[in-house]
Amino acid sequence: MPKIDNIEETPNPNAIKFVLKEPVTNGAARSFHHAAEATDDPLARSLFEVGPVVSVFYMGNMITVEKAEEEDWDDLLPRLAVPIRAAAAAAGGASLATEAGAQGGALGAVLSDDPRLIRINEILDERIRPALAGDGGWLEVLGIKDNTLTIKYQGACGSCPSSISGTLMAIEGMLRQEVDPELEVVAV
């Protein structure tokens with residue numbers, strides 16, 4: 001059972017990050033945008049059952065929960081702590097697919113014949129994903145077609161206004177400079 005080490009605010013006022021003393025995954029990122037997606041995941045399902053939860057994201061020793069805008073954190077936080085403390089800690093080693101999933105699309109980059117995708121994931125792993133994880137979020141690369149890279153924000157970044165504007169523009173600028181000057185980055 002993981003113990004909560006800290007509870008941190010994120011740039012998204014409707015998302016909070018729980019930092020745990022033990023990991024709940026072996027690095028794999030898990031993201032759920034509504035309760036129906038979480039039926040086979042005991043941790044996510046139990047967090048949605050607490051009440052006004054809009055999304056759940058977790059990986060390693062971090063869980064990010066997004067609440068409905070009208071809800072109050074003072075009421076919700078103690079209720080969320082119960083299923084988090086009851087969750088099972090991660091055990092054993094992770095498979096290649098699990099590890100690749102934790103790299104936000106690295107498996108797709110390995111299987112892709114587009115060398116740009118490998119370099120893009122390297123840049124994101126080095127410079128972008130650690131900062132997003134620090135704020136309770138993550139970024140998954142969905143694919144690249146022609147000169148359009150499709151990404152998906154997860155966790156606190158999923159509905160944060162700054163991720164759709166400033167962060168997205170910064171990522172696009174960095175990737176244009178280092179990978180392909182014609183690259184367009186689109187968040188879905």
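When ALA44 is tested against (1) part of a strand (DSSP E or B); (2) free of Cβ contacts under 8 Å to residues at least 60 places away in the same chain; (3) crowded, with 20+ Cβ neighbours inside 10 Å, exactly one condition is not met: (1).
Quick one: is ILE171 at pLDDT 80 or above, part of a strand (DSSP E or B) and either touching a strand residue (DSSP E or B) at 6+ places or on another chain (Cβ under 8 Å) or among the hydroxyl-bearing types (Ser, Thr, Tyr) (or both)? No; evaluated as a whole, the condition is false for this residue.
The values are calculated or read from the model by the stated rules, or taken from the named source; none is laboratory data. All of these numbers come straight from a predicted model, not from anything done at the bench. Positions of Cβ are backbone-derived with ideal geometry, glycine not excepted, and every protein chain shown enters the neighbour counts.
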